[in-house]
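What follows is a short report on a single structure.
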Number of protein chains: 2
Amino acid sequence: MRISELSSRSGVAIPTIKYYLREGLLHQGEQTSATRAEYDGSHLRRLRMIRALLEVGKVPVASIKKIIDAVDDESLPMHEMLGTAHYALGPTVEPEPTEEWRAARAQVDTLIDELGWHIHPEAPTRDELAQTLVRMRQLGVPVDLRPYVEAANELVTEVEMDTIPFDGPRDAAVEALVLGSVLYGKAFDALRRMAQESESAERLK
Amino acid sequence: MRISELSSRSGVAIPTIKYYLREGLLHQGEQTSATRAEYDGSHLRRLRMIRALLEVGKVPVASIKKIIDAVDDESLPMHEMLGTAHYALGPTVEPEPTEEWRAARAQVDTLIDELGWHIHPEAPTRDELAQTLVRMRQLGVPVDLRPYVEAANELVTEVEMDTIPFDGPRDAAVEALVLGSVLYGKAFDALRRMAQESESAERLK
């Protein structure tokens, strides 16, 4: 298909498609003349993934480039490619040079070991959770993560991971991971605030 | 205590305290001379709540003003006061004039009825969840909320609500609600991405 059809079918404006082509986010089409190129389903799928990362995941363009490089690098195992997408969805957390921080981070590492979870030693989620623990302690919020660990484990293993096509094309797996991770996260957040409203109505009536 | 001590004990700079006083976020101290006022524990507690809303909850100042007006309006029942704080923590969602939207919103209302949850008919969480459902459908993400409903219900009723001092001062209850809601949400989010990494390692090894 021509770029105009790619634009109308993907819902992405032509100047934006040209920007993605220049930045290497979208692979070049097949050049059929000096001014024309042909695009196919792989371009449509890639545009859909970029929109998912950008609009639903709120992932910055620079991080999307890293994810796409990982998708395109076929020598990278699927698991590491998904890890790249994964890490891009979380905030960037700077470790703090305090005793409090070291204790929280050690607690996170111990928790992961006890659970037998396979988490990369340098996964940014370790510092992300450590930061939350530090804030909880500073602000006097009780820290008991077990119920959250159990709920996260159950939802991920019994629901979310089944929606990811591990044996399909690499970009389809990344897209499913990002969409599932972000949208189920949003749904859960709204449901949690609903449950809080309902339960506080119950307790105060 | 004088404003300088209030500043050092709360960690809030004096110009910021003066701004809160002008904007009505912080109640006036007791004027002891033309240029001096005395502050007490109620001011410290209020500053702590403002910081919690601002820094941890990322609640905009205009919404903090609404919450504080609700805290100060003693005629407002506790439950409605907490609801105001609650609603300020979520995003503002504009309903869309589409059939898809109406169907999603009807599904949310039915779900709440079936659960027997006590949610205000105009609670913004209803539209928030409807919007997520619309996006899931548009993007082909499977919509099965039951496991999320169960997890949210369990965590809220068995863990989070027990940390809220319903019988203490009104601002202490709001502070606990905001801190708990935001910090447990962040912890859960990091744990969920960890579980995803671990489970994808398991499935792909």
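The values are calculated or read from the model by the stated rules, or taken from the named source; none is laboratory data. Computed from a prediction, not measured in an experiment: that's the story for all the values here. Cβ sites come from the backbone with ideal geometry, for glycine too, and all protein chains shown count toward neighbours. What goes into the accessible areas is simple: the full protein's heavy atoms, side chains included, and nothing from ligands, DNA or RNA. Shrake-Rupley method; radii C 1.70, N 1.55, O 1.52, S 1.80 Å.
Worth a mention:
- Phi-based couplings in Hz for the range B:158-163 (Karplus 6.51, -1.76, 1.60; Gly and Pro marked x): 9, 10, 5, 5, 6, 8
- When only the Cβ of Lys, Arg, Asp and Glu is charged (+1, +1, -1, -1), the dipole of chain B relative to its Cα centre reaches about 980 debye.
- Chain A: angle of helix A:170-204 to the longest principal axis, Cα-based, in degrees nearest 10: 40 degrees
- Positive-end extreme of charge dipole, the range A:1-146 - chosen from A:Leu54, A:Thr132, A:Leu111 (charges on Cβ): A:Leu54
- DSSP-loop GluC sites (Glu not before Pro) across the range B:18-92, with at most 12 other Cβ within 10 angstrom: B:Glu74
- Cross-link partners of A:Lys66 among lysines, defined as those whose alpha carbon lies under 20 angstrom from its own and excluding same-chain residues fewer than eight positions apart: A:Lys18, A:Lys58.
- Karplus-derived HN-Hα couplings along the range B:104-116 (A = 6.51, B = -1.76, C = 1.60, θ = phi - 60°), whole Hz, x at Gly and Pro: 5, 5, 4, 5, 4, 4, 5, 4, 4, 4, 4, 6, x
- Total buried accessible area between B and A, probe 1.4 Å, nearest 100: 6800 Å².
- Residue among A:Met136, A:Met161, A:Met49 with the largest mean-square fluctuation in a Gaussian network model of chain A, springs linking Cα atoms under 10 Å: A:Met136
- Cα centroid separation - the range A:164-205 against the range B:1-18, whole Å: 40 Å
- Most fluctuating residue given options A:Lys65, A:Lys186, A:Lys18, as computed from a GNM of chain A linking Cα atoms under 10 Å: A:Lys186
- Inter-centroid distance (Cα atoms) of the range A:48-65 relative to the range B:21-85, Å: 39 Å
- Between amide H atoms placed 1.01 Å from N, distances below 5 Å from B:Ala37 occur with B:Ile3, B:Thr32, all of them 5 or more places distant or on a separate chain.
- Over the protein assembly as shown - Rg/Rh using Cα atoms and the Kirkwood inverse-distance radius: 1.02
- Relative contact order (percent, whole number), chain A, Cα cutoff 8 Å, 6+ residue spacing: 20 percent
- Positive-end ranking of B:Ala195, B:Tyr184, B:Val174 along the dipole of the range B:164-205, with charges on Cβ about the Cα centre, is headed by B:Ala195.
- In terms of Cα atoms, the Rg and Dmax of the range B:66-195 work out to 16.3, 47 Å.
- Relative contact order computed over the range B:96-203 (Cα-Cα under 8 Å; 6+ residues apart), in percent: 17 percent
- Loop GluC sites (Glu not before Pro), the range A:102-205, which have at most 12 other Cβ atoms in a 10 Å radius of their Cβ (DSSP): A:Glu122
- Computed from the C-beta positions of B:Ala34 and B:Ser4 and an R0 of 22 Å, the FRET efficiency is 0.80 to the nearest 0.05.
- Each residue, B:Leu54 and B:Glu150, gets one label point 7 Å from its Cα in the Cβ direction; the gap between the two is 4.3 nm.
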